Amino acid sequence: MKLDSKIPEGPIAEKWTNHKNHLKLVAPNNRPKIDVIVVGTGLAGASAAASLGEMGYNVKAFCFQDSPRRAHSIAAQGGINAAKNYQNDGDSTYRLFYDTIKGGDYRAREANVHRLAEVSANIIDQCVAQGVPFAREYGGMLDNRSFGGTQVQRTFYAAGQTGQQLLLGAYSALSRQVGLGRVQMFNRHEMLDLVKVDGKARGIIARNLITGELERHSAHAVIIASGGYGNVYFLSTNAMGSNVTAAWKVHKRGALFSNPCFVQIHPTCIPVHGVNQSKLTLMSESLRNSGRIWVPKKKEDAEAIRAGKLKPTQLKEEDRDYFLERRYPAFGNLVPRDVASRAAKERCDEGFGIEANDTNEGVYLDFSTEIQNKGRQAAYAQGNHNPSAEEVTKLGKKWLEEKYGNLFAMYEKITDENPYETPMKIYPAVHYTMGGVWVDYNLQSSIPGCFVAGEANFSDHGANRLGASALMQGLADGYFVLPYTVSNYLADEIRTGKISTDSPEFAEAEDSVRASINKFLGNNGSKSVDHFHKRLGLIMWNKVGMARNEKGLKEAIAEIAALKDEFYKEVYVPGSADELNPELEKALRVADFMDLGQLMAMDALQRNESCGGHFREEYQDAEGETLRDDDNFAFVSAWEYMGYDISKEMLHKEELKYEFIKIAARNYK
Amino acid sequence: MSAAKNINITLKIWRQKNAKAKGQIETYKLDNVSTASSFLEMLDQLNEQLINEKKEPVAFDHDCREGICGMCSLYINGRAHGPDTGTTTCQLHMRKFNDGDTIYIEPWRSKAFPVVKDLVVDRSAFDRIQQAGGFVSVNTSGRTIDANAIPVPKHDADRAFEAAACIGCGACVATCKNGSAMLFVGAKVSQYALLPQGKVEATQRVLNMVRQMDEEGFGNCTNTGACEVECPKGISLENIARMNREYLKASLK
Amino acid sequence: MALTGLFLCLFLAGHLAGNLQLIFSDASAFNKYALFMTTNPAVKILSYLTYISILFHAVDGFMLTYQNAKARPIGYAKNNPSKNSSFSSRNMAVLGTLILVFIVTHMVNFWAKMHFDEKMPLQTITVEQMGQKMEYYVTTDHGKYYPADPAQLGQMGLEIRNKTEFYNKEVNVKMGEGYKDLHKITVAFFKDPKFGLIATIAYVVAMLVLAFHLLHGFQSAFQSLGLNNPKYTPLIKGFGKAFAIVVPLLFAAIPVYIHFFLK
């Protein structure tokens, strides 16, 4: 298979404009004759559905939640990047482009990333026009903060709930179209297969999660915006329902799956508390603007802390190891996520972890310095030039509360500890997946008519995503890219007419879905779906997690294949097919995670280098930094499904050409 | 951190096969629940136990489990989202309960939120209210004016954000003795009424949203203030007053 | 609801001011007030407004309660509303119904007598004349007194028509007008040896109910009208609380004073 990325010719800054000017259009009178399916209603899906609905297409949007507003984009906390340069600190489209390529460790496509940077400013304009209440300064202008991996302030935010506000903005645009009758919304529906007719994506099979009915929906194009696959690890910051199923079904129908091993482990999450834990909670990266990360310098102090004999606040300044500031003085606590996560893991592996759980995995995120600094500034601003220590502390805490109040409250609810008084305990956790369905420049997968947007595709973040860039990509894809590229595809469909759902292809797809459902329900196993999901998660975390090696990966591949067989034999799914059956939903999703997990390990094994979120222990320098191999691995891996046995998947490569950015070592020192 | 311990509890849970079936409260015993667990992890544990006994697990809505998606619900011991204030059920932790406690778990009760199964209810009425007017009618071209072209006073932006922080969970309706959705609708109306971008179509918006709200069968607001107390995001009653104001203004136009 | 409620609060304040004359003033002043209230055209308009308000407030209240009950067809097995709302706010309908019952009884006791009772007494004063106590009707025309003894009145060629008017029988001319003695009726009602204590207690209880109704109602009306503002709402709430306590307390003081303290 030849991978054609369809990157337009010309200088990088003109590619998108030129490309848009030459894309085919569908006249307004023809649009109502054309159906488009959108699966997923997060930032990418909701914005795409709203935009296509506005244009006049018949849109059918699907989400498995009870409302499109629940999509997990809502949980993004910190912010959204945009090259507005409102702060006049040297930001530009080029700088955002460059930072994103570098942050992705030179494993992303230049043209896609530049387009992302170009449209980023429009996103902010659009969202403000929609009534998204971003944080503002006293002069009424938009406020910015800085995020990891950058040296400018380009992140727009709404307290610690930016994702919520942006998603509700997209949801409002979507709701408007639903109200106008241009988008038909299918809540509590899960896509369980893609239907291809004559090689083109022509519809989906969706299960109505309330009645259990399998429904056939046809369309001239299908957009998959179903999010990432972090839940393959069982424990992650993803929502419980987040799954790979829609993307994986597309993969099984012929779409290539790219860079599955590129997983982002977020450095600042609340550590694991016990065996019944169902998910991990993120503490926004924005906290690294104000918090300093440390562990004790001496192992005996770490041991005393874990045993509860020593409090972190009792440890003297000189006994603390601010390991990020020590190792990366230029970026300090604001190094990219993968770097920060690995540094924390390194300290904990060495025995300096401070959390009293099974693995002692945890480091401190300390706000005491910031409390003093901001408190003094606040006192000064109030005209108090000689504040007492108490006044400073009080004002500093107030400042923190204004900036991060909801995050601190959330932390206290979960851990029962007050982060204003004692440092937060944090540890890396699976957060985002850079890999996904392979798409070309038009966001079309290798199946004609099947487009993939947002976290579900692989396109923009390379081997590591910078903070506040996921929201940017989701909205860029949905609002500003897909409306053009999907129309270009649909321009050839104006004479197709309504697509029948009575074709043998639809029947075959529906039958195969029904067969897999019946297989689970008829299985006389004894163990719950979660039992298997947790076991899969453990294999993934230990062997395909933050640090990987050849031996572990080979073991993981074998173990997952065995687990998959056991899963199909031993799983017990209660209830029936014709009702709301959460266990059945989980079983269908975990089945796909089993496949994907194995592929991730295979992908990690073939990539004999360390880059971004993919860290192979064999490929590091003397200081433990990643060693990239640009000569042999400057490519996007793209896997082709070959049947039940995942080990048979075939690897294709899309070579990455860097014409506009000089490829260099990624240095944050 | 107060050290986690294990407790044994009795659960009284509403079980209902489907929307048409008659439901009833069933009693379950659950042992060795860690107080560090969240309430939903406790229910996971119960379901694991039920599955192992080959019984049907309890259906309940949940997704993000970090208090933001608004999918979780549950009326716990007579209160929406349980005994903690400013907290969704998914962020409620078992350390709020004691060994030997009996815990009642019921679905949201409202004519507009029919039970789908067990503890799962249908909240699409909220979507329909939003579709009636909860938006700014601006196309998604990206070709609007510059985001900083209209300065918005920080105070207004902050109030709008506080209103927009609503997660649409429906606790306000569940807890209101009248089953009123005024806090939800008031928050949405307020968000837009406070921002210059939303003011343009404020009149139509409030009339349409209130009409839809009434059609859905929600009750009327009698200002008991229960919604504000139980709202996991602390949405203020001021938003209801603002909606009343907007509605009066719109009705007189 | 809010508008009629607030109007009725105004009515309460006015009604209280008048009634307090039962404690702080004498019978003739009170009866004069009573006459004014039943005859002045402006007051008439206000009183019709009040009747309409009460009616509307009650009907609207019943309708609201009915609609709200419909909004939750199945209740909770376990509910703990005291954690999030006040007793009054949750029981406005019950409190309101009790108040309505009270208003009806109250009107039967006094208003109806004042307006329709054929046997409504006229105010008299007792004058000691030559060691003999004589009773005379008080009239609106100062200085004119007519004997209260029907025989004497007849000897003077006078008779009472239309409950309060003194007529010269022969020439058919109205000679003067007496005061309906509402004061006497009121005192007798609360001092009645059989039912006086019960009536007093009932009235005090009714005022307690009113207090709870106002405790929620006053500030709630402002919220319903869209008046909620971080600066003024605490003031409104504070004033509402004071109003809800002081007004019913003073109302309740009247029967208590009459029953226990008035000689």
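A residue that is modelled with pLDDT under 95, small (G, A, S) and on the phi > 0 side of the Ramachandran plot can be found somewhere in segment A:602-624.
Any residue at all in segment A:323-340 that's under 25 Å from A:L599 (Cα atoms) and part of a strand (DSSP E or B)? No: segment A:323-340 contains no residue that is under 25 Å from A:L599 (Cα atoms) and part of a strand (DSSP E or B).
Looking at segment A:572-582, can you tell me whether even one residue there is at negative phi and in a helix (DSSP H, G or I)? For segment A:572-582, residues at negative phi and in a helix (DSSP H, G or I): present. When segment A:268-314 is filtered for residues that are within 21 Å of A:T155 (Cα to Cα) and part of a loop (DSSP other than H, G, I, E, B), the ones remaining, listed by number, are A:M283, A:S284, A:S290, A:G291. Filtered by the rule that a residue be of a type in the set (G, A, S) and more than 26 Å from the chain's Cα centre (by Cα), segment C:45-96 gives C:A69, C:A71, C:G75, C:A77, C:S82, C:S85, C:S86. Scanning segment A:583-622 for residues that are assigned to a loop (DSSP other than H, G, I, E, B) and under 18 Å from A:R107 (Cα atoms) yields A:R607, A:N608, A:E609, A:S610, A:G612, A:G613, A:F615, A:Y619. Restricting B:V136, B:V152, B:V173 to residues that are surrounded by 24 or more Cβ atoms within 10 Å (Cβ to Cβ) and either more than 9 Å from chain A (Cβ to nearest Cβ) or not in a helix (DSSP H, G or I) (or both) narrows the list to B:V173.
Is it the case that B:A19 is within 24 Å of the chain's Cα centre (by Cα), in a loop (DSSP other than H, G, I, E, B) and surrounded by fewer than 20 Cβ atoms within 10 Å (Cβ to Cβ)? For B:A19, the condition - within 24 Å of the chain's Cα centre (by Cα), in a loop (DSSP other than H, G, I, E, B) and surrounded by fewer than 20 Cβ atoms within 10 Å (Cβ to Cβ) - is met. Counting the residues of segment A:259-276 that are crowded, with 19+ Cβ neighbours inside 10 Å and either more than 25 Å from the chain's Cα centre (by Cα) or over 30 Å from A:K374 (Cβ atoms) (or both) gives 6.
Residues checked against (1) in contact with a helix residue (DSSP H, G or I) (Cβ under 6 Å, 6 or more places away or on another chain); (2) more than 12 Å from chain B (Cβ to nearest Cβ); (3) surrounded by fewer than 24 Cβ atoms within 10 Å (Cβ to Cβ); (4) not in a loop (DSSP other than H, G, I, E, B):
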position	(1), (2), (3), (4)
A:G53	yes, no, no, yes
A:V59	yes, yes, no, yes
A:R69	yes, no, no, yes
A:I74	yes, no, no, yes
A:Q77	no, no, no, no
A:Y86	no, no, yes, no
A:G90	no, yes, yes, no
A:Y94	no, yes, yes, yes
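Under the condition of being of a type in the set (A, V, I, L, M), open to solvent by less than 20 Å² (accessible area, probe 1.4 Å) and more than 14 Å from every other protein chain (Cβ to nearest Cβ), the residues counted in segment A:509-546 number 7. Against the definition (within 27 Å of A:Y479 (Cβ to Cβ) and either surrounded by 24 or more Cβ atoms within 10 Å (Cβ to Cβ) or not assigned by TED's automatic domain parsing to the domain that holds A:G148 (or both)), how does A:H220 come out, yes or no? The answer is yes for A:H220. All conditions but one from (1) within 30 Å of A:L116 (Cα to Cα); (2) open to solvent by 10 Å² or more (accessible area, probe 1.4 Å) apply to A:Y441; the one that does not is (2). What about A:D631, is it in a helix (DSSP H, G or I), open to solvent by 40 Å² or more (accessible area, probe 1.4 Å) and over 19 Å from A:N542 (Cα atoms)? Yes. Taking (1) of a type in the set (V, I, T); (2) surrounded by fewer than 24 Cβ atoms within 10 Å (Cβ to Cβ); (3) touching a helix residue (DSSP H, G or I) at 6+ places or on another chain (Cβ under 6 Å); (4) more than 30 Å from B:D127 (Cβ to Cβ) in turn, A:T17 satisfies each apart from (3). With the checklist (1) assigned to a helix (DSSP H, G or I); (2) surrounded by 18 or more Cβ atoms within 10 Å (Cβ to Cβ); (3) at pLDDT below 95 in hand, flag the one item A:E355 doesn't pass. So A:E355 meets the others, but not (1). Exactly one residue among A:I210, A:I204, A:I224 is among the aliphatic types (A, V, I, L, M) and more than 26 Å from the chain's Cα centre (by Cα), and that residue is A:I210. Within the option set C:G226, C:G240, being touching a Lys or Arg at 6+ places or on another chain (Cβ under 9 Å), open to solvent by less than 40 Å² (accessible area, probe 1.4 Å) and within 26 Å of C:H57 (Cα to Cα) holds for one residue only, C:G226. For segment B:75-84, taking the residues that are open to solvent by less than 10 Å² (accessible area, probe 1.4 Å), part of a loop (DSSP other than H, G, I, E, B) and more than 17 Å from B:F126 (Cβ to Cβ), the one that is nearest to the other protein chains (Cβ to nearest Cβ) is identified as B:G78. When segment A:559-579 is filtered for residues that are within 14 Å of chain B (Cβ to nearest Cβ) and open to solvent by 50 Å² or more (accessible area, probe 1.4 Å), the ones remaining, listed by number, are A:E570, A:D578.
The set of residues from segment C:247-263 being open to solvent by 70 Å² or more (accessible area, probe 1.4 Å) and in a helix (DSSP H, G or I) comprises C:L249, C:F260, C:F261. Flag: A:Q126 does not match the condition of being within 7 Å of chain B (Cβ to nearest Cβ), crowded, with 24+ Cβ neighbours inside 10 Å and either over 17 Å from B:G198 (Cβ atoms) or without any contact (Cβ under 8 Å) to a residue 24 or more places away in the chain (or both).
The values are calculated or read from the model by the stated rules, or taken from the named source; none is laboratory data. Everything numeric in this text was worked out from a predicted model, so none of it was measured. FYI the Cβ positions are ideal-geometry reconstructions off the backbone, even for glycines, and counts take in every protein chain you see. Keep in mind that these areas ignore ligands, DNA and RNA; they rest on the heavy atoms of the full protein, side chains included. Shrake-Rupley method; radii C 1.70, N 1.55, O 1.52, S 1.80 Å.
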